[in-house]
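*Asks:* First, the structure itself, so that you have it in front of you.
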Amino acid sequence: MPALHVDEEGFRLDGAPFRLVSGGLHYFRVHPAQWRDRLRKARLMGLNTVDTYVPWNLHQPRPDTHRWDGPLDLAGFLRVAQDEGLLVLLRPGPYICAEWEGGGLPSWLLAEPDIRLRSTDARYLGAVDRYFGELLPRIAPFLGSRGGPVVAVQVENEFGAYGEDPHYLHYLVSVLRDGGVDVPLFTSDQPADLARGSIPGVLSTVNFGSGAAGHLAVLRERQPAGPLMCTEFWNGWFDRWGGVHASRDAADAAGELAAVLAAGAHVNLYMFHGGSNFGFTNGANDKGTYRPTLTSYDYDAPLDEAGDPTPKFAAFRAVIARYVPVPDEPLPEPSKKLTLPDIALTGQAPLFDSADRLGAAVLGDRPMTMEELGQSFGFVLYETRLTAEGPALLHAPGVHDRAQVFVGGQPVGVLERENHEQALAFTVPPGGADLALLVENQGRVNYGPGIHDRKGLTGPVTVNGAPAPGGWRSRPLPLDDLAGLAYRTDDPRPVVGPAFHRGVFEIAEPADSYLDLTGWTKGCAWLNGFALGRYWSRGPQRRLYVPGPVLRPGSNELVVLELHATVRHAVDLRDTPDLGPVEE
């Protein structure tokens, strides 16, 4: 593929003027067997480029571990993009935001108690150097200068909204250049943050969802020559638990897109296809109140979570066709969907009975955080012994993020960071009882200073004003391997407390579907070992997307961890999504 160049007039591709029309598509939010389908649809809509972040926290889950295979096969994704005739904007971070867990920064950085992320802190920069030392040689063969699809690379991400540290940004530029990245570099910031986030000699771009003329004028004032580009044209938005499903009218979004292109600007849709926050990968926001993002990252995009065209697909295609060639091919049809009601979950494995199989307890005089335990995702089970009977007041000001509290194995309440809850009263029975707190990491904060977001019990815990006299057992429960669970099928009584529920079902032919958990309260689901994500009756999302490649002909295994209770021991596979009500 030809290389992209920046001059005073705009972009040039192989010497000819080039209008860059791109769309966001994150390989790590899409099942790899579906990459080609999504990329082909990007081309059919008229896009000539796709954009993706690179999640450091998944590619380097521990300081000494790197992953570049399966759903993290970045090289494979870039090959498919090139096969489909698409250019690529690569956004490697190290920080990516993206409503992704911790903004893509690995949790193990936070094991350093006073580390300063996104700064010139030597410990942070050293970790960045080692990660980029692994990443950059892998993308080098795919750079446009070497015939590959990657025509431009972003430096950091919206740094102007976080701080003002030119030394940090210049350091990242040097790391990229010294690592062989010889294609154009760019930054992206919201209009008010351009001065803090821009770097001399690096192309500045701007992010917005409306008001194109005014925002592009701010960019032009900041950057008198060169391409005008909106790197994040927000054509939709993300959802949070307890909110409503974000929705934007297709005609309104298309009108704003037309305004961007009519101004002669280049554009990247955020998102073209959002995908899913599978497993425990969703992020969270905290602007005074902690609010976790939900599993679906549908984003009300031109392709929905299952890769089906929405009204925005046709509306955007019509706009794009005025400015760049659009393939003369029919619009893609929705994929085949699977419906299967009443899948019985007949096996139960109480979590407390299974704890030894899921993680080893660490003894200490205080609860240990996830980061101290070397854990990124999932839960921590904290246990201690209460010996004094009678009324007790538990004070836990550092619950990150949600603690279910049990006395003698019986649930006595929940403490939620989102609701600013810190205290709970209960009665200890004669003879004493075990106190247990099951704490869920609901997603590390992905934006702003709150990215220093340690998980578990992060502050002192007292009962009646005093620390637990016998110390604490802190047991990490990452739930990344459920193979050792032993299910019972012969006890009809309801399980008290969190429990895994297992069912097996048969299908003839795999297809996309949606797992409906009506009647269930809160938890997580796995299908054939693939972590579909979290569910919560709080909504708005009511069904989890099931990628067709996760299913297989014949027997399939579904496991659901229910943290509270369910009124039915069955679930359904449905052929339509349910992301909840939209705001009127």
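The values are calculated or read from the model by the stated rules, or taken from the named source; none is laboratory data. Keep in mind it's a predicted model, so treat the numbers as computed, not measured. A quick note on method: Cβ atoms are made from the backbone with ideal geometry, for glycine too, and the neighbour counts reach across all protein chains shown.
*Asks:* Within the bounds of the range 148-159, is there any residue that is within 20 Å of residue 118 (Cα to Cα), surrounded by 18 or more Cβ atoms within 10 Å (Cβ to Cβ) and small (Gly, Ala, Ser)?
*Replies:* No - not one qualifying residue is present in the range 148-159.
*Asks:* Would you pick out the residues in the range 375-390 that are β-branched (Val, Ile, Thr) and part of a strand (DSSP E or B)?
*Replies:* 380, 384 - these are the residues of the range 375-390 that are β-branched (Val, Ile, Thr) and part of a strand (DSSP E or B).
*Asks:* Also, I was wondering about something else. Just wondering, is there one or more residues in the range 78-94 that are acidic (Asp, Glu) and closer than 18 Å to residue 151 by Cβ?
*Replies:* yes
*Asks:* Of all residues in the range 550-584, how many are out of contact with any Lys or Arg (no Cβ under 8 Å at 6 or more places or on another chain), among the polar types (S, T, N, Q) and surrounded by fewer than 19 Cβ atoms within 10 Å (Cβ to Cβ)?
*Replies:* 1
*Asks:* Taking the condition of being among the β-branched types (Val, Ile, Thr), more than 25 Å from residue 257 (Cβ to Cβ) and outside any loop (DSSP other than H, G, I, E, B), how many residues in the range 32-75 meet it?
*Replies:* 1
*Asks:* Just checking, which of 174, 188 is polar (S, T, N, Q), in the same structural domain as residue 269 (by TED's automatic domain parsing) and touching an Asp or Glu at 6+ places or on another chain (Cβ under 7 Å)?
*Replies:* The unique qualifying residue is 188.
*Asks:* Now a separate question. As an exercise: evaluate residue 109 against (1) in contact (Cβ under 8 Å) with a residue 40 or more places away in the chain; (2) in contact with a Leu (Cβ under 8 Å, 6 or more places away or on another chain) and give the number of the one condition it does not meet.
*Replies:* (1)
*Asks:* Taking into account only those residues within the range 195-205 that are buried (at least 16 other Cβ atoms within 10 Å of the Cβ) and farther than 24 Å from residue 12 by Cβ, which is nearest to the chain's Cα centre (by Cα)?
*Replies:* Looking at residues that are buried (at least 16 other Cβ atoms within 10 Å of the Cβ) and farther than 24 Å from residue 12 by Cβ, I get 197.
*Asks:* May I ask you to list the residues in the range 396-409 that are part of a loop (DSSP other than H, G, I, E, B) and of a type in the set (Gly, Ala, Ser)?
*Replies:* 396, 398, 408, 409
*Asks:* Right, another one. I need the full set of residues from the range 173-189 which are free of Cβ contacts under 8 Å to residues at least 40 places away in the same chain and out of contact with any Gly (no Cβ under 7 Å at 6 or more places or on another chain), in order please.
*Replies:* Those that are free of Cβ contacts under 8 Å to residues at least 40 places away in the same chain and out of contact with any Gly (no Cβ under 7 Å at 6 or more places or on another chain): 173, 174, 177, 178, 182, 185.
*Asks:* Mind listing whichever residues of the range 340-374 are small (Gly, Ala, Ser), within 22 Å of residue 442 (Cβ to Cβ) and not in a loop (DSSP other than H, G, I, E, B)?
*Replies:* 354, 355
*Asks:* Something else now. Can you give me the number of residues within the range 410-425 that are part of a loop (DSSP other than H, G, I, E, B) and either touching a residue at least 60 places away in the same chain (Cβ under 8 Å) or outside the structural domain of residue 392 (by TED's automatic domain parsing) (or both)?
*Replies:* 1
*Asks:* When residues of the range 378-409 are filtered for being over 22 Å from residue 433 (Cβ atoms) and either at pLDDT below 95 or in contact with a Pro (Cβ under 6 Å, 6 or more places away or on another chain) (or both), how many remain?
*Replies:* Total meeting the criteria: 1.
*Asks:* Quick one: which of 393, 331 is more than 27 Å from the chain's Cα centre (by Cα), in a strand (DSSP E or B), touching a residue at least 24 places away in the same chain (Cβ under 8 Å) and surrounded by fewer than 21 Cβ atoms within 10 Å (Cβ to Cβ)?
*Replies:* When all the criteria are applied, what remains is 393.
*Asks:* Got a number for residues in the range 474-530 being among the charged types (D, E, K, R) and buried (at least 17 other Cβ atoms within 10 Å of the Cβ)?
*Replies:* Result for the range 474-530: 5.
*Asks:* Working only within the range 426-447, note down all residues that are within 16 Å of the chain's Cα centre (by Cα) and in a loop (DSSP other than H, G, I, E, B).
*Replies:* 441, 442, 443, 444, 446, 447
*Asks:* Residue check: is residue 46 in contact with a helix residue (DSSP H, G or I) (Cβ under 9 Å, 6 or more places away or on another chain) and closer than 12 Å to residue 272 by Cα?
*Replies:* yes
*Asks:* On to the next question. From the list 470, 539, 533, which residue is within 26 Å of residue 242 (Cβ to Cβ) and assigned to a loop (DSSP other than H, G, I, E, B)?
*Replies:* 539
*Asks:* OK, next. Determine if the range 354-372 includes at least one residue that is without any contact (Cβ under 8 Å) to a residue 40 or more places away in the chain, not assigned by TED's automatic domain parsing to the domain that holds residue 493 and not acidic (Asp, Glu).
*Replies:* no
*Asks:* While we're looking at this one, here's another question. Yes or no: residue 348 at pLDDT 95 or above, closer than 30 Å to residue 575 by Cβ and of a type in the set (S, T, N, Q)?
*Replies:* yes
*Asks:* Which one of the conditions (1) of a type in the set (A, V, I, L, M, F, W, C); (2) loosely packed, with under 13 Cβ neighbours inside 10 Å; (3) touching a residue at least 12 places away in the same chain (Cβ under 8 Å) does residue 405 fail to meet, given that it meets all the rest?
*Replies:* Among (1) of a type in the set (A, V, I, L, M, F, W, C); (2) loosely packed, with under 13 Cβ neighbours inside 10 Å; (3) touching a residue at least 12 places away in the same chain (Cβ under 8 Å), residue 405 violates only (2).
*Asks:* Would you pick out the residues in the range 487-514 that are at pLDDT 95 or above, in contact with a strand residue (DSSP E or B) (Cβ under 8 Å, 6 or more places away or on another chain) and aliphatic (A, V, I, L, M)?
*Replies:* Residues satisfying the conditions are 499, 504, 507, 511.
*Asks:* With the structure loaded, tell me whether residue 445 is aliphatic (A, V, I, L, M) and crowded, with 21+ Cβ neighbours inside 10 Å or whether it fails that test.
*Replies:* yes
*Asks:* Another question, then. Being surrounded by 18 or more Cβ atoms within 10 Å (Cβ to Cβ) and part of a loop (DSSP other than H, G, I, E, B): is that true of residue 117 here?
*Replies:* Taking the combined requirement at face value, the residue satisfies it.
*Asks:* Go through the range 1-43 residue by residue and tally those that are more than 21 Å from residue 153 (Cβ to Cβ), out of contact with any helix residue (DSSP H, G or I) (no Cβ under 8 Å at 6 or more places or on another chain) and of a type in the set (A, V, I, L, M, F, W, C).
*Replies:* The number of residues fulfilling the criteria is 1.
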